[in-house]
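Novice: Below are the structure tokens for one structure; questions will follow.
The values are calculated or read from the model by the stated rules, or taken from the named source; none is laboratory data. Note that the structure is predicted; figures quoted are calculated from it, not measured. Glycine gets a Cβ as well: all are built from the backbone with ideal geometry, and neighbour counts include every protein chain shown.
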Amino acid sequence: MTGALALHRAEVVRHLVRRDFRLRYHDSTLGLAWSLLLPLTQLAVLVFLFQRVVPLGIDGYPAFVFSALLPWTWFSACLAGAGTLFLGNRDLVRRPDFDPFVIVVVSTLSNLLGYLVGVPILLAVCAAYGAALTPALLALPGLLLIEGALILGLSLVVATLNVFYRDVQHIVGVALTLLFYLTPVFYRGAEAGERAQILFTLSPIAVLVQAHRAIVFRGELPGAGALAVASLTSLLVCGFGYALYRRQRHDIVDAI
Amino acid sequence: MAVVIAVEGVTKRFRVRSNRPRTLRESASQWLSGRLGDIDTVTALEDVSFTVERGESLGIVGHNGAGKSTLLRLLCGVGLPTMGRINRSGHVSGLLELGGAFHLDLSGRDNVVTAGVLSGLTEREARARVGAVAAFAELDDVIDHPVRTYSSGMYLRLAFSVALQFEPEILVIDEVLAVGDSRFQEKCLEHVRRLRAAGSTLVVASHIPEQIKSLCDEVLVLEDGRVAARDEPERALEHYFELMNARTARRAKAIGGQATTSEPSEGTRSGTQEVTVDAVRVTAGDGRERAVRGGEAVTIELDYRFAQPLPDFGLSLGVYSAAHVKCWEVMLPSAVARFGPLGDHGTIRCTMPGLPLLPGRYYVNVGVYPPDCDFVYDYHWQMHPLTVVSVTEGVAGVSGVVALEPAWSLTAAAQAGRRTGDG
């Protein structure tokens with residue numbers, strides 16, 4: 001019985017991910033390619049800026065940037081859309097016996113697909129700049145799991161609060177723009193000096209994108225210490241987000 | 001019989017903050033100044049308890065704001081009661097408020113598949129059912145268009161089809177049977193009856209007594225969020241109408257009207273008189289007010305007048321026998337929707353090409369109501385006689401109200417005794 005239930009849950013998630021894709025890319029010829037276009041243009045601009053205009057002197061710069069930009073894009077795309085997850089899916093939220101939590105899971109997974117589509121391109125770019133595929137890549141799924149927990153937790157907070165305070169989605173928009181510059185995506189974290197290291201250790205997304213770069217671009221395992229802190233923070237955020245959502249769940253339904 | 005829905009002491013309050021913070025800034029400043037807004041709670045349901053057994057059909061009636069919709073939502077598991085418990089076993093399919101049943105940017109097909117998957121099917125199974133759902137909704141040719149492009153009637157048909165086609169164990173319907181064209185309505189009612197026969201449990205809220213009577217075994221009367229009565233339909237509806245009359249009287253008093261129930265020369269008249277029916281004329285085919293012959297065309301005219309500036313009214317028009325048997329009645333929930341702008345007074349005309357009634361004395365009963373039918377503006381009961389006389393003299397042995405024109409014949413069987421006699 002519980003097996004059948006779990007199987008059906010998976011079916012619901014699968015269907016809703018597909019529905020999410022259809023909603024996002026219906027009537028567009030490029031479809032899924034759009035989810036790559038943003039990070040690729042961003043990559044082009046960053047490469048132009050920091051290889052030509054203000055050279056940072058980093059070897060294999062395009063691969064260096066892209067190997068951190070891809071996990072960042074997963075994170076920021078999820079959070080940018082988190083505000084309207086409950087408000088924009090009224091038909092699901094008000095369906096009998098439907099747990100709106102599923103919508104947040106679906107958003108996280110559906111953006112993960114955008115990431116996965118980018119992985120072959122990332123590997124190709126890395127190979128073009130002389131990075132070798134190493135067994136360190138096997139750690140990637142674990143890394144994605146941690147990032148997924150972080151995204152899920154933050155998305156739950158944003159989606160829940162935005163039902164009651166519409167400012168939240170605007171605050172998130174601004175915060176994401178600022179956070180992009182405060183996260184070592186297009187520069188080396190180490191170059192920011194001793195003091196800033198605390199920031200890059202405490203911000204789980206900074207740790208995660210750097211770990212991602214270490215695995216894919218440099219082919220080595222990331223430092224365990226910072227990653228352990230980031231994992232713990234991510235799990236706490238996830239737990240907090242879920243608890244907040246649980247507490248507000250029925251008020252959400254009433255408010256929508 | 002197994003209980004499938006058990007509602008125990010359910011109370012539902014909504015927080016309505018009169019100065020509810022809409023933004024974080026307001027919220028923060030309220031919090032800092034130590035007053036968290038004046039929280040008004042609105043009690044939608046108060047200590048409601050009842051059970052529904054498998055295969056039973058429960059109707060819910062009550063005035064606007066009595067808590068019907070809130071109750072149905074809670075039955076569907078949309079929201080939690082503030083106090084009390086609701087236990088439900090079985091998959092539920094709900095037709096709650098009309099808005100928001102579908103995602104407008106997706107096609108009808110995609111929405112149907114989503115609904116199917118959420119009601120327990122696999123995506124493949126749900127896809128296989130789309131054809132049947134579209135056919136029932138009569139939307140085969142537009143099922144791949146986005147729901148955004150549907151008219152409200154099409155939207156409603158799709159919502160109904162979806163709710164009915166995925167074989168719910170418990171079907172919860174809120175009021176929506178009142179909308180849509182009558183042919184589709186009848187088709188839905190037919191399907192609901194079939195589901196019932198197949199053992200589904202039904203909970204339905206409706207303003208239309210006839211629907212409640214034809215669908216339900218028992219009726220729950222809600223009044224101001226409490227259960228006022230639970231009874232078999234006839235008696236429950238009587239109770240409901242008594243409550244409605246009491247409300248009319250209270251309201252008439254509140255708006256400073258005079259005695260609400262007057263005794264005209266014939267019949268009774270009641271209501272708040274915010275909208276009045278000043279005259280009713282029943283004329284025969286030649287435009288004269290006289291006795292009509294059975295089968296002859298009849299026109300009923302009624303003059304209405306707005307005593308208060310109101311936007312709309314509901315209208316009922318019925319023909320009853322002198323012995324209070326309802327021969328026919330129609331309810332129009334919105335005169336504006338039916339006729340367009342109403343002015344401050346006017347005449348509504350209803351022409352019937354032929355009146356298939358047997359000779360006798362009948363009455364035209366008319367009523368005007370607010371659109372939600374919470375109380376009565378003006379109701380004329382057995383005030384306007386309609387006399388039907390016979391065309392052909394002396395058809396012996398006929399009784400009843402409807403003039404049917406039977407054709408008789410006989411097919412006689414061979415006498416049983418004679419055939420078996422030689423065996």
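Novice: Do we find that B:A126 is surrounded by fewer than 21 Cβ atoms within 10 Å (Cβ to Cβ) and modelled with pLDDT of 85 or more in this structure?
Specialist: In short, no.
Novice: Given A:A190, A:A196, A:A139, A:A159, which one is of a type in the set (A, V, I, L, M, F, W, C), in contact with a Phe, Trp or Tyr (Cβ under 6 Å, 6 or more places away or on another chain) and either under 25 Å from A:R247 (Cα atoms) or away from chain B (no Cβ under 14 Å) (or both)?
Specialist: Selected residue: A:A159, the only one of A:A190, A:A196, A:A139, A:A159 that is of a type in the set (A, V, I, L, M, F, W, C), in contact with a Phe, Trp or Tyr (Cβ under 6 Å, 6 or more places away or on another chain) and either under 25 Å from A:R247 (Cα atoms) or away from chain B (no Cβ under 14 Å) (or both).
Novice: From the residues in segment A:45-55 that are over 20 Å from the mean Cα position of the chain (by Cα) and not in a loop (DSSP other than H, G, I, E, B), which one is nearest to the other protein chains (Cβ to nearest Cβ)?
Specialist: A:V45
Novice: Turning to a different aspect of this structure: Have a look at B:A337, B:A279 and point out the one that is aliphatic (A, V, I, L, M), loosely packed, with under 15 Cβ neighbours inside 10 Å and closer than 18 Å to B:Y369 by Cβ.
Specialist: Unique residue meeting the criteria: B:A337.
Novice: Also, quick follow-up: Looking at (1) farther than 21 Å from B:V203 by Cα; (2) part of a helix (DSSP H, G or I); (3) more than 8 Å from chain A (Cβ to nearest Cβ), which is the one condition that is false for B:L104?
Specialist: Here B:L104 clears every test but (2).
Novice: Of all residues in segment A:1-43 being more than 11 Å from every other protein chain (Cβ to nearest Cβ), among the small types (G, A, S) and part of a helix (DSSP H, G or I), which is farthest from A:T73 (Cα to Cα)?
Specialist: The residue in question is A:G3.
Novice: Filter segment B:50-69 for residues that are outside any loop (DSSP other than H, G, I, E, B) and modelled with pLDDT under 85; which is nearest to A:F98 (Cα to Cα)?
Specialist: Filtering segment B:50-69 for residues that are outside any loop (DSSP other than H, G, I, E, B) and modelled with pLDDT under 85, the one nearest to A:F98 (Cα to Cα) comes out as B:S69.
Novice: Considering segment B:23-49 alone, what residues qualify as being basic (K, R) and either under 33 Å from the mean Cα position of the chain (by Cα) or modelled with pLDDT under 60 (or both)?
Specialist: Residue satisfying the conditions is B:R35 alone.
Novice: State which residue pairs qualify: first residue within 9 Å of B:L158 (Cα to Cα) and inside segment B:126-143, second residue exposed (fewer than 15 other Cβ atoms within 10 Å of the Cβ) and of a type in the set (D, E) in any location, beta carbons under 9 Å apart, and separation of 6 or more residues or different chains.
Specialist: What qualifies is B:A134/B:D140; B:A134/B:D141.
Novice: So which residues in segment B:275-322 are touching a residue at least 24 places away in the same chain (Cβ under 8 Å) and of a type in the set (G, A, S)?
Specialist: B:A279, B:A291, B:G294, B:G295, B:A297, B:A307, B:G314, B:S316, B:G318, B:S321, B:A322, listed by residue number.
Novice: Return the pairs, sorted by first residue and then second, in which the second residue is modelled with pLDDT of 80 or more and not in a loop (DSSP other than H, G, I, E, B), the first residue lies in segment B:403-423 and is under 30 Å from B:V292 (Cβ atoms), the beta carbons are less than 7 Å apart, and the residues are 6+ apart or on different chains.
Specialist: B:A403/B:L357
Novice: Here is a follow-up. Return a yes/no flag: does segment A:87-107 have any residue that is surrounded by fewer than 22 Cβ atoms within 10 Å (Cβ to Cβ) and in contact with a Cys (Cβ under 6 Å, 6 or more places away or on another chain).
Specialist: yes
Novice: In addition: Can you name the number of the only condition in (1) within 18 Å of B:C188 (Cα to Cα); (2) more than 14 Å from every other protein chain (Cβ to nearest Cβ) that B:A159 fails?
Specialist: B:A159 satisfies all of (1) within 18 Å of B:C188 (Cα to Cα); (2) more than 14 Å from every other protein chain (Cβ to nearest Cβ) except (2).
Novice: I'm trying to understand the selection: among the residues of segment B:70-92, which are more than 7 Å from every other protein chain (Cβ to nearest Cβ) and not in a loop (DSSP other than H, G, I, E, B)?
Specialist: Listed by number, the residues that qualify are B:T70, B:L71, B:L72, B:R73, B:L74, B:L75, B:M83, B:G84, B:R85, B:I86, B:N87, B:R88.
Novice: So, one more: What about B:K213, is it surrounded by fewer than 18 Cβ atoms within 10 Å (Cβ to Cβ) and farther than 28 Å from B:G55 by Cβ?
Specialist: Spelling it out, it is not the case that B:K213 is surrounded by fewer than 18 Cβ atoms within 10 Å (Cβ to Cβ) and farther than 28 Å from B:G55 by Cβ.
Novice: Next question, about the same structure. Please determine, by comparing only the residues of segment B:403-423 that are loosely packed, with under 10 Cβ neighbours inside 10 Å and outside any loop (DSSP other than H, G, I, E, B), which one is modelled with the lowest pLDDT.
Specialist: In this case the residue turns out to be B:G421.
Novice: Now a separate question. Keeping to segment A:223-256, report how many residues are more than 14 Å from chain B (Cβ to nearest Cβ), surrounded by 19 or more Cβ atoms within 10 Å (Cβ to Cβ) and of a type in the set (V, I, T).
Specialist: Final tally of qualifying residues: 2.
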